[in-house]
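Asker: Next up is a structure, given as structure tokens.
The values are calculated or read from the model by the stated rules, or taken from the named source; none is laboratory data. For clarity, every value in this text was computed on a predicted model and none was experimentally measured. Using ideal geometry, Cβ is built from the backbone for each residue, glycine included, and neighbour counts are taken over all protein chains shown. Areas reflect the complete protein model, heavy atoms only, side chains present, ligands, DNA and RNA absent. Shrake-Rupley method; radii C 1.70, N 1.55, O 1.52, S 1.80 Å.
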Amino acid sequence: MMMSVVSPFTVRERLQPQSPAGVRLHRFTVDEYQRMAAYGVFQENDPVELLSGYLFIKLEKGPPYEVPLGIPPEVIAGIDVPQFPQRRFTVKEYQSLMKSGALHPALNTELVEGWVVEKMVRDAVHDATLQVVIDALQERIGKEWKLRIQSATQMDDGQPEPDLAVVPGPSRRFQDMHPRPIDIGLLVEISNATVSYDRGPKMRDYARNNVTRYWLVNINERQVEEYTDPTGPTDCPEFKTRRIYREGDSITLTVRNQTFGLVPVSELMPWNPSQAG
């Protein structure tokens, strides 16, 4: 394996602030890097090197590199990561990272568009809103559909963990593999600090993989954004239809081809102190 380790960083350096999106690109420690090598996560001729925690492509070796690579979007990389090609991960490689112990589950990561992303530490308003949305959906969808809460889904190029995924039952249905887009009736993200991430890399990943319906519960603007009609794996994947529902509106709860009535946007939002009294 064509790998080298340069400038190991300290714990203090690793705890860099998150990007404005509330998430950040994972920085690998030397120990994690060595575990990847020992476990065979990469191919032997993988032209990568660890520089300040990031897996850069050794440009003097290529092209063609014959490995997944790209420049991480600024929304997860921030302004401190050099804009040079880096090694991305396939879903299989990411799962190997988890099995090898190179990525401990306590790190709270997900794979989006091939990038290992550290998710934000959730605050009280996020978690309270998540519970409010769970309550609103669960009482309407009945027993046929199940709510998976902050659990992995498997895309062709990622393993994101949406706040909510509505999938068919029974509960043991996905004990051997994570739900795929064809299994998912509705994905929901709760956003306050992560709006640009949930509208950017995550939404592209969902559109690329043909997730049919995506709700972004936007706490800051107190609105629900519904995205439908994904383009699939195009150069610029997107949802062709976007509808905005604000307080005073109601959104139709549709899961696959089933409709479960209207949900007032106010039922999906945290309590607004300005409306007290």
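Asker: Condition first: surrounded by fewer than 18 Cβ atoms within 10 Å (Cβ to Cβ) and not in a strand (DSSP E or B). Now tell me which residues in region 211-236 satisfy that.
Answerer: Residues satisfying the conditions are N220, E221, R222, T231, G232, P233, T234, D235, C236.
Residue by residue, here is whether (1) over 15 Å from T153 (Cα atoms); (2) loosely packed, with under 15 Cβ neighbours inside 10 Å; (3) at pLDDT 95 or above holds:
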| site | (1), (2), (3) |
| --- | --- |
| K92 | no, yes, no |
| S96 | yes, no, no |
| K99 | yes, yes, no |
| A102 | yes, no, no |
| A106 | yes, yes, no |
| E113 | no, no, yes |
| V116 | no, no, yes |
| M120 | yes, no, no |
| D123 | yes, yes, no |
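Asker: Is it the case, given these coordinates, that E267 is within 21 Å of L137 (Cα to Cα), open to solvent by less than 10 Å² (accessible area, probe 1.4 Å), at pLDDT 95 or above and not in a loop (DSSP other than H, G, I, E, B)?
Answerer: no
Asker: Also: Checking the condition closer than 30 Å to A38 by Cα and open to solvent by 10 Å² or more (accessible area, probe 1.4 Å), which residue from D135, D176 passes?
Answerer: The conditions single out D176.
Asker: Look at region 179-210 and say how many of its residues are open to solvent by less than 10 Å² (accessible area, probe 1.4 Å), within 17 Å of V23 (Cβ to Cβ) and assigned to a helix (DSSP H, G or I).
Answerer: Within region 179-210, residues that are open to solvent by less than 10 Å² (accessible area, probe 1.4 Å), within 17 Å of V23 (Cβ to Cβ) and assigned to a helix (DSSP H, G or I) number 6.
Asker: Spot the failing condition for T254; the list is (1) over 27 Å from A124 (Cβ atoms); (2) open to solvent by less than 30 Å² (accessible area, probe 1.4 Å); (3) outside any strand (DSSP E or B), and only one is missed.
Answerer: (3)
Asker: Let me ask something else about it. Do we have T10 as modelled with pLDDT of 80 or more and open to solvent by 30 Å² or more (accessible area, probe 1.4 Å) here?
Answerer: Considered against the rule, which asks whether it is modelled with pLDDT of 80 or more and open to solvent by 30 Å² or more (accessible area, probe 1.4 Å), T10 comes out as no.
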